[in-house]
Amino acid sequence: MNAEESASGARELPRFFVEWRTLFGQAGADFTPIDYLNQPAGPPFVIAAQWLFCPEFVEYRGCVVMAHRLDAKILDEWFVEFDGEVSRIEAVANLVSLYDVFTACDVAAYEADLSQLAHTIARCWRGLLRMEYPERDFQVEVYDDERSHGPEITFFSGRPQG
């Protein structure tokens, strides 16, 4: 999303949503993705999604990690492997692959939508990290290329060395 799209609030509508909206003919022409959520299965999924968009952060040995990712034993191993470099440890500990979030789903039809979702999640994390840790400089990055496991999002303090 470029600055112009961000300022206008415009972003590409997901294909599944556009197809769903056509089921309502002219009456659905003004539907937004928010209208799509008004389905019986919607509330539980949207409520659960807040943990993805707005994770709780905790500190461990100078690292900021998502609370649901805090595993002291594994983090301690990474402190050894990465010579205590906080940025590298955070980058690995906080890496979320959307393919891993949706392991029980066939996501092939949603490739472009998942990429957009990763960028939206990154925007949320940037704002939260600035708000909760104003004294620290965080990088929030999205990877979505042949080297990544689908769209991935991570964050870390400063810039990892290697």
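Read-outs throughout are calculated quantities, based only on the coordinates presented, and are distinct from any laboratory measurement. What you see is a predicted model, and the numbers here were worked out from it, not measured in a lab. All Cβ positions, glycine included, derive from the backbone under ideal geometry; neighbour counts span all protein chains shown.
Restricting the first residue to segment 89-111 and requiring it to be touching a residue at least 60 places away in the same chain (Cβ under 8 Å) and among the hydroxyl-bearing types (Ser, Thr, Tyr), which pairs with a second residue that is part of a loop (DSSP other than H, G, I, E, B) and surrounded by 15 or more Cβ atoms within 10 Å (Cβ to Cβ) meet a Cβ separation below 9 Å and a spacing of at least six or different chains?
Tyr110/Pro14
So for segment 96-103 (the condition being polar (S, T, N, Q) and over 18 Å from the mean Cα position of the chain (by Cα)), does at least one residue qualify?
The answer is no; no qualifying residue exists.
Looking only at segment 124-162, how many residues end up being assigned to a helix (DSSP H, G or I) and in contact with a strand residue (DSSP E or B) (Cβ under 8 Å, 6 or more places away or on another chain)?
Residues flagged as assigned to a helix (DSSP H, G or I) and in contact with a strand residue (DSSP E or B) (Cβ under 8 Å, 6 or more places away or on another chain) within segment 124-162 amount to 6.
Is it fair to say Glu90 is surrounded by 16 or more Cβ atoms within 10 Å (Cβ to Cβ), among the charged types (D, E, K, R) and either touching a Gly at 6+ places or on another chain (Cβ under 6 Å) or within 14 Å of Pro55 (Cβ to Cβ) (or both)?
For Glu90, the condition - surrounded by 16 or more Cβ atoms within 10 Å (Cβ to Cβ), among the charged types (D, E, K, R) and either touching a Gly at 6+ places or on another chain (Cβ under 6 Å) or within 14 Å of Pro55 (Cβ to Cβ) (or both) - is met.
Which residues, taken from segment 98-107, are of a type outside the set (Val, Ile, Thr) and surrounded by fewer than 18 Cβ atoms within 10 Å (Cβ to Cβ)?
The answer is Tyr99, Asp100, Phe102, Ala104, Cys105, Asp106.
Could you please tell me which pairs satisfy a Cβ distance under 6 Å, a separation of 6+ or placement on different chains, a first residue in segment 21-49 that is closer than 20 Å to Asp113 by Cβ, and a second residue that is surrounded by 10 or more Cβ atoms within 10 Å (Cβ to Cβ) and of a type in the set (Phe, Trp, Tyr)?
Arg21/Phe31; Pro33/Phe17; Tyr36/Phe17
Kindly indicate whether any position in segment 16-38 is among the aromatic types (Phe, Trp, Tyr) and closer than 28 Å to Asp145 by Cα.
Yes, that holds for at least one residue.
Just the residues that are within 27 Å of Glu59 (Cβ to Cβ), among the acidic types (Asp, Glu) and surrounded by fewer than 18 Cβ atoms within 10 Å (Cβ to Cβ), please, taken from segment 108-162.
Passing the criteria: Glu132, Glu135, Asp137, Glu141.
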